[in-house]
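Trainee: First the structure, then my questions, so here it is.
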Amino acid sequence: MFKELSKTYEFKEIEPLQYQKWLDEDLFHADVRSSAPPFSMVIPPPNITGVLHMGHALNNTLQDILARWKRMRGFNVLWVPGTDHAGIATQNIVEKQLAKEKKKKEDIGREAFIRKVWEWKEHSGRTIIQQLQRLGSSCDWTRERFTMDEGLSRSVEEVFIRLFQEGLIYRSERLINWCIRCQTALSDIEVIHEEAEGALYYIHYPLADDPAQGLPVATTRPETLLGDTAVAVHPEDPRYQTFIGKKVLLPLANIPIPVISDSAVDREFGSGAVKVTPGHDFNDYEMGVKHHLPLENILTPAGKIISNARTGEFAGMDFPTARQKVVEKLKEDGYLIDIKKHLHAVGKCQRCHTVVEPYLSSQWFVRISPLALPAIEAVRKGDIKFIPEFWENTYFAWMENIKDWCISRQLWWGHQIPAWYCLACHPELKKGNPFLFKTLDPVVSAAKPESCKKCRGKAFIQDPDVLDTWFSSALWPFSTLGWPDQTEDLKKFYPTSVLSTGFDIIFFWVSRMIMMGLKFRGEVPFKTVYFHALVRDAEGQKMSKSKGNVIDPIALMDRYGTDALRFTLASMAAPGRDILLDEERFAGYRNFCNKIWNAARFILLNLKNEEDLPGSKPAPETLPDQWILIKLNECVRQVNQSLETFRFDEAANALYHFIWHEYCDWYLEFIKPILFDSEAESTRHIMASAFREILLLLHPFMPFISEAIWPSLSPGKRSILTLSYPQTEPLSDDKGIDKLMENLKEIIKGLRSIRGENNIPPGKELNAYLVLKEEAVSLLTEQEAYIKRLARLSHLFISSQLEKPAYCATYVCNLGTLYVDLTGISDPKDEIKRLEKQIEKIQLDLSLIAKKFDNPNFAKNAPEKVVKEEEIRKKALEEKKTFLAEEIHKLKSFF
């Protein structure tokens, strides 16, 4: 007896049971001893800062499709899971928790604070892993990693020390992004830019040798003029040619600064003359270095103006207060010319939304150019393939203009920099001021040195800074496999096969992994990078809590089931196109699950015994059986080909169309009368074996429902994941089976449309007449029973020459004309309206074709075959339009 299926697909009951079954049978484990070809991926590690979002759901669905497909193709698949410590983001979460207790991290100290962060990691990290499993992710959980676990920490230390020893890591005073609240340097990705309404201030900078004259300088930040070291104009700006090389007096400070010329100045911005503040603006910093200008820092780490000869009465103020006071003083002293409203971008900390300040600070940097050059060449040579390919241009543009990487962060949570300072030589370090470390020479070592080479002291203190989160993430493809040890995993699975990630981190993660992989492994870290699209709401807006448009994947799985969520995302994952999510799509694919489940129940009801479950497909004996095997073979080809090229959307849509429309809607309907025949073993076998192949094809996309149904239709009772993925067979359609079935379907659809458009009840049988081309008459006569049953006809007359009824509905098809006797059933006026609608549609199609031919480039550039097909189509439509117009004329004779 067969295992019965419940009347409905209860995904809430089935999904956890199926996933636990996979875990219990250890089906996701990769064996280093296997002789099968390896296929490996590392998961882009989600941050331990919360729960999975739709971006995670999309990316991990696509990765899981690849992993399951490759396993079923015979590969030894390793998909490495893990999570990222997420430096500043995680630290901020725990700081907020302390704030609820009215405490700061300094109140409990570094060690106690880090213990609290580890507690958070255990809670949040486990939640994220559970949600990945809820999604169906078939990761090898025995190899789960965390960017701060012992092995990865050792990898980080090894890389830092080796780069330092080679002179590729150094310390320098540079301009960096600084968050005053978080008290740390930030990477560019941690800075969000928001448009804000501000002002453009026009300020008079008097000439040093003739204060009556001067330059009108425009700026959005008057408070930073206290740090100005020059005024810049464009070398070809006729307004200011006489000023170049002279000096102006810095307003409020009365300090002479030079007027320089630089082609980077935008003559159209403001007055065309700009202040140069190298210590507080990134563009000005570049200009300052180019022109050898002094770097004046006027800001403390806490965001207060320092006290010196320049700052005077403004010392101790924060920048917002200083701006107000500086403007008041400029106006009072006669320097302020004008104030105009101005929209401009303001950089803010991604975590706390404090305005980020460009800040002159001594930090640790990676000298990046020597690492970037081999990484550029690896992509250029094709050692790494980008999909879609156009992202290569973005990568090259970034890498060819790359700047040294600031890797130090003034945080407590993260990989502490392995640099040590002797307390005997520098007792002032005991005060705990992190900025005292910046001017001292450290000993770089993974472990605390035994003694100081200068004073023989044994008391050391470690550099308090931690490394940028992206530093450890850059090592992820090989550190997760056990490097720096030469592990079996590393030998077997590196380089990894595919990286699937978002294009928004191509600079911050992808490029750095390529650089580090080439540097420390001598090989690229992955062969292919697939960049998926961004997930947006139905209106195309980015999802955010403030907009209230965030879609929670967990809630969707609760509502529609995981398979519906996965299939929706896969079906929309077209390359280079954002995914606009509408909840109706999830409901639609939940219905698809129900369709599959009901089809399985129908099949089981029509199988007599387990002998009806063949190991292979038997020879087809009927037209529907021959047709479905041809269409199944085509579906297998489309799905495999699409997955080979990362067209998840095409693969999913091919499956959906075949399963719903061709197998369920047509094939099962065609074979129902055959199944009533006790001798229909061949059809029963093909029905079951084709559906078994459907489940195999579907498994990577919808793992839960396919696994749940499989035992009922599988004599071996093995997990579907352990079986082979379908491959294309050498089938040919030399008898024109597909074309014949398409003609049958067209005739049946025509008959159904006539019934529907004339409001004829489904139970009322009709008389129909098919006037066909001579060569089609015998062919269609053989299939008469299918047409009569599926279109509910009492009589069907097929001939090349027929006397049609006086009043009938007309439908023009490929093989001829279809007539349905409507005498006593409907009003001729209704049939006229129906035919007029058909003519309107034909006219629309003809106008679209006409537009193509009106374009001279179409006939000139389109392939000859395409042009010919359009000409044939145009002629057929015109003939159909003429025929329908004649039918309307005839119908009008009835009244």
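The values are calculated or read from the model by the stated rules, or taken from the named source; none is laboratory data. Computed from a prediction, not measured in an experiment: that's the story for all the values here. With ideal geometry, Cβ positions are generated from the backbone for all residues, glycine too; neighbour counts draw on all protein chains shown. We work out accessible area using only protein heavy atoms, side chains counted, and drop any ligands, DNA or RNA first. Shrake-Rupley method; radii C 1.70, N 1.55, O 1.52, S 1.80 Å.
Trainee: Among the residues of the range 506-520, is any more than 20 Å from E400 (Cα to Cα) and either surrounded by 22 or more Cβ atoms within 10 Å (Cβ to Cβ) or touching a Leu at 6+ places or on another chain (Cβ under 8 Å) (or both)?
Mentor: Yes.
Trainee: Here is a list of conditions, (1) in a helix (DSSP H, G or I); (2) buried (at least 22 other Cβ atoms within 10 Å of the Cβ), and Q133 meets all of them except one; can you say which number that is?
Mentor: Of the numbered conditions (1) in a helix (DSSP H, G or I); (2) buried (at least 22 other Cβ atoms within 10 Å of the Cβ), the odd one out for Q133 is (2).
Trainee: Can you name every residue in the range 317-364 that is assigned to a strand (DSSP E or B), of a type in the set (K, R) and buried (at least 20 other Cβ atoms within 10 Å of the Cβ)?
Mentor: none
Trainee: Identify, please: which residue in the range 733-781 is open to solvent by 40 Å² or more (accessible area, probe 1.4 Å) and either part of a strand (DSSP E or B) or aliphatic (A, V, I, L, M) (or both) and is, among those, nearest to Y667 (Cα to Cα)?
Mentor: That would be L779.
Trainee: Does T823 satisfy the criteria of being part of a helix (DSSP H, G or I) and hydroxyl-bearing (S, T, Y)?
Mentor: no
Trainee: Here's another thing I want to ask about it. Return the residues of the range 565-588 that are without any contact (Cβ under 8 Å) to a residue 40 or more places away in the chain and within 25 Å of E707 (Cα to Cα); say none if nothing qualifies.
Mentor: T568, R585, F586, A587, G588
Trainee: Right, next: If we keep just the residues of the range 310-346 that are among the hydroxyl-bearing types (S, T, Y) and in contact (Cβ under 8 Å) with a residue 12 or more places away in the chain, which is farthest from Y201 (Cα to Cα)?
Mentor: T311
Trainee: Sort out which residues of the range 46-63 are touching a residue at least 60 places away in the same chain (Cβ under 8 Å) and surrounded by fewer than 24 Cβ atoms within 10 Å (Cβ to Cβ), and write them in order of number.
Mentor: Listed by number, the residues that qualify are T49, G50, V51, L52, H53, M54, G55, H56, N59, L62.
Trainee: I've got another one for you. Condition (residue is of a type in the set (S, T, Y) and without any contact (Cβ under 8 Å) to a residue 60 or more places away in the chain) applied to the range 449-463: is it met by at least one residue?
Mentor: Yes: one or more hits.
Trainee: Return yes or no: is A302 small (G, A, S), open to solvent by 40 Å² or more (accessible area, probe 1.4 Å) and under 23 Å from E173 (Cβ atoms)?
Mentor: Here the answer is yes, as A302 does meet what is asked.
Trainee: Hey, does the range 285-292 have a residue that's in a loop (DSSP other than H, G, I, E, B), over 13 Å from G227 (Cα atoms), free of Cβ contacts under 8 Å to residues at least 24 places away in the same chain and open to solvent by 40 Å² or more (accessible area, probe 1.4 Å)?
Mentor: Within the range 285-292, one or more residues are in a loop (DSSP other than H, G, I, E, B), over 13 Å from G227 (Cα atoms), free of Cβ contacts under 8 Å to residues at least 24 places away in the same chain and open to solvent by 40 Å² or more (accessible area, probe 1.4 Å).
Trainee: When the residues of the range 305-316 are filtered to those that are open to solvent by 60 Å² or more (accessible area, probe 1.4 Å) and assigned to a loop (DSSP other than H, G, I, E, B), which remaining residue is farthest from I255 (Cα to Cα)?
Mentor: S307
Trainee: Which one of the conditions (1) out of contact with any His (no Cβ under 9 Å at 6 or more places or on another chain); (2) open to solvent by 10 Å² or more (accessible area, probe 1.4 Å) does V535 fail to meet, given that it meets all the rest?
Mentor: Unmet condition: (1).
Trainee: If I go through the range 1-28 residue by residue, how many of them are in contact with a strand residue (DSSP E or B) (Cβ under 9 Å, 6 or more places away or on another chain) and open to solvent by 60 Å² or more (accessible area, probe 1.4 Å)?
Mentor: Within the range 1-28, residues that are in contact with a strand residue (DSSP E or B) (Cβ under 9 Å, 6 or more places away or on another chain) and open to solvent by 60 Å² or more (accessible area, probe 1.4 Å) number 0.
Trainee: Can you pull out every residue in the range 860-882 that is in a helix (DSSP H, G or I) and surrounded by 14 or more Cβ atoms within 10 Å (Cβ to Cβ)?
Mentor: V867, E870, K874, L877, K880, K881
Trainee: While we're looking at this one, here's another question. In the range 455-473, how many residues are of a type in the set (A, V, I, L, M, F, W, C) and either assigned to a loop (DSSP other than H, G, I, E, B) or touching a Cys at 6+ places or on another chain (Cβ under 7 Å) (or both)?
Mentor: Selection size over the range 455-473: 3.
Trainee: Something else about it: Give all pairs with beta carbons closer than 8 Å in which a residue from the range 175-186 that is on the phi > 0 side of the Ramachandran plot and at pLDDT below 90 meets a residue that is assigned to a loop (DSSP other than H, G, I, E, B) and open to solvent by 10 Å² or more (accessible area, probe 1.4 Å); count only pairs at least 6 apart in sequence or on separate chains.
Mentor: Qualifying pairs under 8 Å: Q183/P301; Q183/A302; Q183/Q410.
Trainee: Find the strands (runs of 3 or more DSSP E) located wholly in the range 474-561 whose residues include 2 or more that are in contact with a Phe, Trp or Tyr (Cβ under 8 Å, 6 or more places away or on another chain), and list them.
Mentor: It comes to 496-502, 526-532.
Trainee: Here is a list of conditions, (1) among the charged types (D, E, K, R); (2) assigned to a helix (DSSP H, G or I); (3) in contact (Cβ under 8 Å) with a residue 40 or more places away in the chain; (4) more than 26 Å from S6 (Cβ to Cβ), and E634 meets all of them except one; can you say which number that is?
Mentor: (3)
Trainee: Here's a follow-up. Have a look at I832, I842 and point out the one that is aliphatic (A, V, I, L, M) and within 28 Å of A776 (Cβ to Cβ).
Mentor: I842
Trainee: Further question: Among the residues of the range 786-844 satisfying the criterion of being over 28 Å from T622 (Cα atoms), hydrophobic (A, V, I, L, M, F, W, C) and within 48 Å of the chain's Cα centre (by Cα), which is most open to solvent (accessible area, probe 1.4 Å)?
Mentor: L844
Trainee: Continuing with this model, one more query. Considering the range 13-52 alone, what residues qualify as being part of a helix (DSSP H, G or I) and in contact with a Gly (Cβ under 8 Å, 6 or more places away or on another chain)?
Mentor: E15, Y19 - these are the residues of the range 13-52 that are part of a helix (DSSP H, G or I) and in contact with a Gly (Cβ under 8 Å, 6 or more places away or on another chain).
Trainee: From (1) in contact with a helix residue (DSSP H, G or I) (Cβ under 6 Å, 6 or more places away or on another chain); (2) open to solvent by less than 30 Å² (accessible area, probe 1.4 Å), pick out the condition that doesn't hold for W412.
Mentor: The number of the failed condition is (2).
Trainee: Restricting attention to the range 710-732, which residues are open to solvent by 20 Å² or more (accessible area, probe 1.4 Å) and touching a residue at least 24 places away in the same chain (Cβ under 8 Å)?
Mentor: The answer is P711, P715, T722, L723, S724, Q727, T728, E729, L731.
Trainee: Moving on. For the range 645-660, check the following and say yes or no: at least one residue is out of contact with any helix residue (DSSP H, G or I) (no Cβ under 7 Å at 6 or more places or on another chain), in a helix (DSSP H, G or I) and closer than 23 Å to L731 by Cα.
Mentor: Checking the range 645-660: at least one residue is out of contact with any helix residue (DSSP H, G or I) (no Cβ under 7 Å at 6 or more places or on another chain), in a helix (DSSP H, G or I) and closer than 23 Å to L731 by Cα.
Trainee: Now for a separate question. With G482, G457 as the choices, which residue is on the phi > 0 side of the Ramachandran plot and small (G, A, S)?
Mentor: Step by step, each of G482, G457 is checked, and only G482 is on the phi > 0 side of the Ramachandran plot and small (G, A, S).
Trainee: If you don't mind, there's one more thing I want to ask. Of K631, K608, K672, K595, which residue is charged (D, E, K, R) and surrounded by 19 or more Cβ atoms within 10 Å (Cβ to Cβ)?
Mentor: Of the residues listed, the single one that is charged (D, E, K, R) and surrounded by 19 or more Cβ atoms within 10 Å (Cβ to Cβ) is K631.
Trainee: State whether one or more residues within the range 778-788 are among the hydrophobic types (A, V, I, L, M, F, W, C) and either free of Cβ contacts under 8 Å to residues at least 24 places away in the same chain or under 15 Å from D821 (Cα atoms) (or both).
Mentor: No, there is no match, as no residue in the range 778-788 is among the hydrophobic types (A, V, I, L, M, F, W, C) and either free of Cβ contacts under 8 Å to residues at least 24 places away in the same chain or under 15 Å from D821 (Cα atoms) (or both).
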